[in-house]
Amino acid sequence: MIGERLVEDMTADERDRARRVDSILPVLRAAADHADTTGTFPAGHVDLLRDAGLLGLVVPEKFGGLGGGLRDLAAATYAMGTACPSTALAYFFHNTSASRGLLPLEAIDAGLFDADEIPVVRAFAEKVLTRMADGVWLANFASESVKTEAANITIATTASKVDGGWILNGEKSFGCATGVADYYLTSAKLDGHDTADGIATFFVPRDAPGVSVRAPWNGLGMRATANNGIRLTDVFIADDEALGVPGAFPKMLTRSRGSFVGNQLAIAAVYTGCAQNVYDEALAAATSKTFADTGNPVASSPVHQVLFGEMTPQLQTAYLWQRYQLMVETAEPAFKSKQDVFTQWRLGKGSVTEACFHVALGALKAGGTSAASMQGSAGRALRDLAMGLVMTFPAERGMLEVAEIATEAKANELFATAPAEVG
């Protein structure tokens with residue numbers, strides 16, 4: 001299993017689920033170049049993933065899913081990242097939707113909701129999970145262009161209560177699978193709330209009246225993610241398609257092991273899969289090509305020896321950070337506090353993405369002028385991995401937050417609502 005290069009101690013059940021992932025990799029790999037060139041998500045990939053049962057990978061079996069966990073998701077996104085990082089990233093964000101089902105149910109079990117809130121919370125949570133298990137693609141829309149100093153993600157999209165449901169207005173600047181997903185799982189702030197207690201979640205059908213696509217995203221990397229974002233103009237969402245219970249969002253976040261929804265490690269696995277693939281291709285090219293005058297492999301040159309001497313520990317750095325993070329987020333019983341796990345991730349994400357980018361940079365140098373192509377493996381990987389330097393947060397922000405935690409015992413608030421005057 002390709003995923004075993006990251007998750008080295010798979011159980012028998014994990015290997016069975018990983019076989020499903022391996023079965024689709026040839027199709028992802030064959031479509032990757034064209035998808036990158038055109039900047040479009042291959043429409044056939046939705047059915048491919050659905051038919052393989054992978055849209056329910058991390059959904060418990062009792063809801064109809066495959067019963068996988070974070071280890072499965074990390075192995076899957078890693079393996080897909082070796083074939084088509086764009087598809088891997090979009091697939092990752094679909095799977096983050098599961099947290100909107102799993103964490104509320106854990107919060108119910110922990111006694112965090114009142115008796116009258118439990119039926120509403122449970123119904124929404126189970127709907128998230130059963131839809132994923134049934135093969136529904138959910139695009140997870142939280143990020144917006146509005147920024148505040150207090151948080152990584154600021155919610156400015158508004159939700160106003162009306163008879164029978166809610167009216168949503170706003171714009172989401174980031175969210176893979178725009179125009180591809182069946183539903184946009186959308187975060188919005190409730191009227192009259194100015195803290196994270198007012199963040200609510202809604203199922204927004206892709207073709208609902210008032211939903212439109214933002215201008216095409218001409219991104220630097222991972223161009224085939226359908227990452228245009230959406231605009232919501234007076235979009236009506238029925239009550240039974242919403243989790244509008246005040247306080248539900250922060251309550252569910254308390255149940256994650258470390259990072260805010262407990263699955264962010266799997267996004268770094270995408271980058272590592274991409275880095276491993278470009279490393280393998282660069283090494284294969286350098287060892288198979290020979291110098292015309294001596295017949296020695298190109299890889300024997302001092303320059304290439306230096307480049308691979310730098311790339312190899314960079315790649316291993318990415319693996320070490322991720323494997324340790326995976327261990328601390330999945331160990332039973334837990335042996336680190338939530339804050340320690342969170343702190344580890346804030347450092348680890350930046351370290352992984354920086355290391356992976358340097359692998360792609362080394363591969364570009366090793367390939368020389370002839371390999372410096374937009375469609376070549378090194379050129380595409382360099383652009384794909386540049387995305388990791390900024391997505392969610394750059395390494396510098398992670399280091400700053402860790403310093404604040406260490407020196408000021410400051411708890412980072414990942415989500416916030418925008419001030420009312422922000423339009």
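Just wondering, is there one or more residues in the range 190-200 that are part of a helix (DSSP H, G or I), out of contact with any strand residue (DSSP E or B) (no Cβ under 7 Å at 6 or more places or on another chain) and closer than 20 Å to Thr157 by Cβ? Among the residues of the range 190-200, at least one is part of a helix (DSSP H, G or I), out of contact with any strand residue (DSSP E or B) (no Cβ under 7 Å at 6 or more places or on another chain) and closer than 20 Å to Thr157 by Cβ, which makes the answer yes.
Modelled with pLDDT under 95, β-branched (Val, Ile, Thr), open to solvent by 10 Å² or more (accessible area, probe 1.4 Å) and under 19 Å from the mean Cα position of the chain (by Cα): does that describe Thr40?
On the way: modelled with pLDDT under 95: yes; β-branched (Val, Ile, Thr): yes; open to solvent by 10 Å² or more (accessible area, probe 1.4 Å): yes; under 19 Å from the mean Cα position of the chain (by Cα): yes.
Spelling it out, Thr40 is indeed modelled with pLDDT under 95, β-branched (Val, Ile, Thr), open to solvent by 10 Å² or more (accessible area, probe 1.4 Å) and under 19 Å from the mean Cα position of the chain (by Cα).
Evaluated against (1) more than 16 Å from Cys84 (Cβ to Cβ); (2) without any contact (Cβ under 8 Å) to a residue 40 or more places away in the chain; (3) open to solvent by less than 20 Å² (accessible area, probe 1.4 Å), Leu54 falls short on exactly one condition, (1). Pick from the range 131-148 the residues that are more than 19 Å from the chain's Cα centre (by Cα) and farther than 28 Å from Leu66 by Cα: which of them is modelled with the highest pLDDT? Checked the range 131-148; the qualifying residue modelled with the highest pLDDT is Val146.
Hey, among Thr317, Thr287, which residue is part of a helix (DSSP H, G or I), surrounded by 12 or more Cβ atoms within 10 Å (Cβ to Cβ), touching a Pro at 6+ places or on another chain (Cβ under 6 Å) and not acidic (Asp, Glu)?
Values: Thr317 fails: touching a Pro at 6+ places or on another chain (Cβ under 6 Å).
Exactly one residue qualifies, and that residue is Thr287.
Can you say whether Asp114 is surrounded by fewer than 18 Cβ atoms within 10 Å (Cβ to Cβ), in contact with a Gly (Cβ under 6 Å, 6 or more places away or on another chain) and either of a type in the set (D, E, K, R) or under 26 Å from Leu70 (Cα atoms) (or both), as far as the supplied structure shows?
On the way: surrounded by fewer than 18 Cβ atoms within 10 Å (Cβ to Cβ): yes; in contact with a Gly (Cβ under 6 Å, 6 or more places away or on another chain): no; either of a type in the set (D, E, K, R) or under 26 Å from Leu70 (Cα atoms) (or both): yes.
Judged against the criteria, Asp114 is not a match.
Quick check: anything in the range 184-195 among the aromatic types (Phe, Trp, Tyr), within 21 Å of the chain's Cα centre (by Cα) and open to solvent by less than 10 Å² (accessible area, probe 1.4 Å)? Give the derivation first.
So the first thing to find is which residues in the range 184-195 are among the aromatic types (Phe, Trp, Tyr), and the list is 184.
Narrowing the set further to residues that are within 21 Å of the chain's Cα centre (by Cα) leaves 184.
Those still in the list that are open to solvent by less than 10 Å² (accessible area, probe 1.4 Å) too: 184.
Scanning the range 184-195, I find at least one residue that is among the aromatic types (Phe, Trp, Tyr), within 21 Å of the chain's Cα centre (by Cα) and open to solvent by less than 10 Å² (accessible area, probe 1.4 Å), so the answer is yes.
In the range 9-18, which residue that is in contact (Cβ under 8 Å) with a residue 12 or more places away in the chain and over 21 Å from the mean Cα position of the chain (by Cα) is surrounded by the most Cβ atoms within 10 Å (Cβ to Cβ)? The selected residue is Met10. For the range 223-237, taking the residues that are at pLDDT 95 or above and open to solvent by less than 10 Å² (accessible area, probe 1.4 Å), the one that is farthest from Asp163 (Cα to Cα) is identified as Leu232.
Based on what the data block shows, is Arg100 touching a strand residue (DSSP E or B) at 6+ places or on another chain (Cβ under 6 Å) and more than 30 Å from Ala282 (Cα to Cα)?
Numbers: touching a strand residue (DSSP E or B) at 6+ places or on another chain (Cβ under 6 Å): yes; more than 30 Å from Ala282 (Cα to Cα): yes.
Considered against the rule, which asks whether it is touching a strand residue (DSSP E or B) at 6+ places or on another chain (Cβ under 6 Å) and more than 30 Å from Ala282 (Cα to Cα), Arg100 comes out as yes.
What number goes with the only condition from (1) modelled with pLDDT of 90 or more; (2) open to solvent by less than 30 Å² (accessible area, probe 1.4 Å); (3) of a type outside the set (Asp, Glu) that Thr154 does not pass? Against the list (1) modelled with pLDDT of 90 or more; (2) open to solvent by less than 30 Å² (accessible area, probe 1.4 Å); (3) of a type outside the set (Asp, Glu), Thr154 comes up short only on (1).
The values are calculated or read from the model by the stated rules, or taken from the named source; none is laboratory data. For clarity, every value in this text was computed on a predicted model and none was experimentally measured. Reconstructed Cβ throughout: ideal geometry from the backbone, glycine too, with neighbour counts over all protein chains shown. To get the accessible areas, we keep the full protein, side chains included, count just its heavy atoms, and leave off ligands, DNA and RNA. Shrake-Rupley method; radii C 1.70, N 1.55, O 1.52, S 1.80 Å.
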